[in-house]
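Participant: Okay, here's the structure, questions in a sec.
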Amino acid sequence: MWYMTIDKTEFLKMLYDKIPDLNQVKVLELQIYRNGDRVKLSLLLPFKIDNLPEKWQKLKYDAAIMDLDLFNILNLNVNSKTNEYIVDICIEKVNSDMIILKCMGGINMEILAEAGIIQEIRGCRVCEMR
């Protein structure tokens, strides 16, 4: 369960009765900060939301964008041969103080970090994100 390895998952747990695996998600943005010490991934989660917030209902949102930050990066490998970044992502604990994010698909990535945190989850319309 990928979400148990990162922090600030409360809103994610409110949106989904059962949090989906990160399969066939779209990488919207990849940012590397502070000489590679911090990485931000913006991911389109195209899954049906079980508990739409009222504000999202009014705006006709049917999906979410999650900004995930990884801190104290020890290793970062990125490789891509396409510009369509639909991926499967796995996030696991390596030991008591490290996590590893593996991304496979349109972009292949492996990040070894000390911590991961969801910075923001915002609503969107899937049809506008394609």
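The values are calculated or read from the model by the stated rules, or taken from the named source; none is laboratory data. These figures come from a predicted structure and were not determined experimentally. We place every Cβ from the backbone using ideal geometry, glycine too, and count neighbours over all the protein chains shown. To get the accessible areas, we keep the full protein, side chains included, count just its heavy atoms, and leave off ligands, DNA and RNA. Shrake-Rupley method; radii C 1.70, N 1.55, O 1.52, S 1.80 Å.
Participant: Taking the chain as a Gaussian network, where each spring joins two C-alpha atoms under 10 Å apart, which residue of Leu12, Leu41, Leu74 fluctuates the most?
Facilitator: Residue with maximal mean-square fluctuation among Leu12, Leu41, Leu74: Leu74.
Participant: First select every other residue whose beta carbon is under 13 angstrom from the beta carbon of Ile107; then total the charges, Lys and Arg +1, Asp and Glu -1.
Facilitator: Result for the neighbourhood of Ile107: -1.
Participant: Take the chain, compute every pairwise Cα distance, and split them into 10 Å bins from 0; I just need the percent in each bin.
Facilitator: 13, 44, 33, 9, 0
Participant: How large is the Kirkwood hydrodynamic radius of region 59-130, counting all unique pairs of alpha carbons, in Å?
Facilitator: Every distinct Cα pair counted, the radius reaches 13.7 Å.
Participant: Moving to a separate point now. Solvent-accessible area per residue for the chain at a 1.4 Å probe radius, Å²?
Facilitator: Per-residue value: 58 Å².
Participant: Where the accessible area of region 1-86 is counted over protein heavy atoms with a 1.4 Å probe, how much of it, in %, is carbon and sulfur?
Facilitator: 47 percent
Participant: When N is the residue count of region 88-128, what does its C-alpha Rg come to as a fraction of 2.2 N^0.38 Å?
Facilitator: 1.47
Participant: Considering only Cα-Cα distances, which of the following residue pairs are longer than 26 Å: Lys48/Lys81; Lys13/Lys60; Lys60/Lys93?
Facilitator: Lys48/Lys81; Lys60/Lys93, as the Cα separations exceed 26 Å there.
Participant: For region 21-70, with equal point scatterers placed on the C-alpha atoms only and solvent neglected, what are the log10 I(q)/I(0) values from the Debye formula at q = 0.20 1/Å, to two decimals?
Facilitator: -0.74
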